[in-house]
Amino acid sequence: THGMQKIVSSTMFNITLPWKETLFPLLKRAGYHTGFIGKWHHPNPEAFMEYTFDHREFYHGDHWQKRNDKLVHVTKLNEQDAMDYLRHKRFINDYDRNKNNKHAQKETAETAKPFALTVSFTAPHSQDRKGPPPHTEYEPMTTSMDWYANDTIPMPKTSTEQHWQDMPYFFHHDRGHFFNEARRRWSWRYDTDNKFQNTMKNYYRMVTEVDHVIGRIIQELKDQGEYDNTLLVFTSDNGMFHAEHQMAGKWYPHEESLRVPLVIQDPRMPESKKGTTNDDFTLNIDLAPTLLSA
């Protein structure tokens, strides 16, 4: 027989669920040094974390976070913590438990375990405030504000009142014009050209910042001589409406919110496959078995 079980934050560590059979516990059990940097907004009970990650740095939410009494942009934290892991922490096994142990053995590049690191970017997720502007939903680094300043971002062709009216009847609930959350957030971000331009430019600035950090990670792997021995996967958990159908958010089954990138760089890949694309359907449930079998 087959069955389905709903797993949410409140039940993901229930003892009846096979947490030990998920990706990172299996990798750690197989001898990998496991790390997780960045966005994690689930419970993290210590008893489960000990056999999941050698090292973890969890944060999410605001785009500016306090670190050592200073405000640091969350994408800069991703970069700093990823560099620290690659340069230092991966060389101490079970780092989080052994970091204060003066006698903990520090491995060398030759003796270190293979590593499995997730860098989970908060950006460009919006800061989910409880109300509309003046709260700023997208806050790039101050050094990025000149980017795209002289560009004009084109409004999507489907950003029309008619496209919104063509949505199913239950999108237009009688409890109010902005009862629909996607429509409500559209009114915060996109219902005027000025809002649209400001929102999209800040969004693209944050995406470009992420792109920069990914480049830094790749360069670090090259500098360490690990690039040609590392499987790289870039993906995301959802797409986004940027005023298409006069909506915002990610909740409905249109291509704008369903399609996500999946880019895999495998040094063992034949030259004939490098740089190619295909149209195979993949889901997030495919990632763990694919990585474990690689």
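The values are calculated or read from the model by the stated rules, or taken from the named source; none is laboratory data. These numbers come from a predicted model, not from an experiment. For neighbour counting, all protein chains shown are included, and Cβ atoms are generated from backbone atoms with ideal geometry for every residue, glycine included. What goes into the accessible areas is simple: the full protein's heavy atoms, side chains included, and nothing from ligands, DNA or RNA. Shrake-Rupley method; radii C 1.70, N 1.55, O 1.52, S 1.80 Å.
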*Options D191, D280, D266: the member that is among the acidic types (D, E), open to solvent by 60 Å² or more (accessible area, probe 1.4 Å) and closer than 30 Å to A30 by Cβ*: D280
*Kindly list, by first and then second residue, each pair from a residue in the stretch 239-267 that is outside any loop (DSSP other than H, G, I, E, B) to a residue that is β-branched (V, I, T) and open to solvent by less than 30 Å² (accessible area, probe 1.4 Å), limited to pairs with Cβ atoms under 9 Å and residues at least 6 apart or on different chains.*
H242/I153; H242/T199; A248/T199; Q265/T230
_Suppose we filter R56, R97 for residues that are modelled with pLDDT under 95 and not in a loop (DSSP other than H, G, I, E, B); which single one remains?_
R97
*Inspect all residues belonging to the stretch 229-237 and state whether any of them is surrounded by fewer than 18 Cβ atoms within 10 Å (Cβ to Cβ), assigned to a helix (DSSP H, G or I) and in contact with a helix residue (DSSP H, G or I) (Cβ under 8 Å, 6 or more places away or on another chain).*
no
*Output the number of residues of the stretch 85-103 satisfying the condition of being free of Cβ contacts under 8 Å to residues at least 40 places away in the same chain and either touching a Leu at 6+ places or on another chain (Cβ under 6 Å) or loosely packed, with under 15 Cβ neighbours inside 10 Å (or both).*
6
*Scanning for something part of a loop (DSSP other than H, G, I, E, B), at pLDDT 90 or above and acidic (D, E), does the stretch 156-164 turn up at least one residue?*
no
_Give all pairs with beta carbons closer than 7 Å in which a residue from the stretch 164-175 that is open to solvent by 50 Å² or more (accessible area, probe 1.4 Å) meets a residue that is modelled with pLDDT under 85 and assigned to a loop (DSSP other than H, G, I, E, B); count only pairs at least 6 apart in sequence or on separate chains._
H173/F179
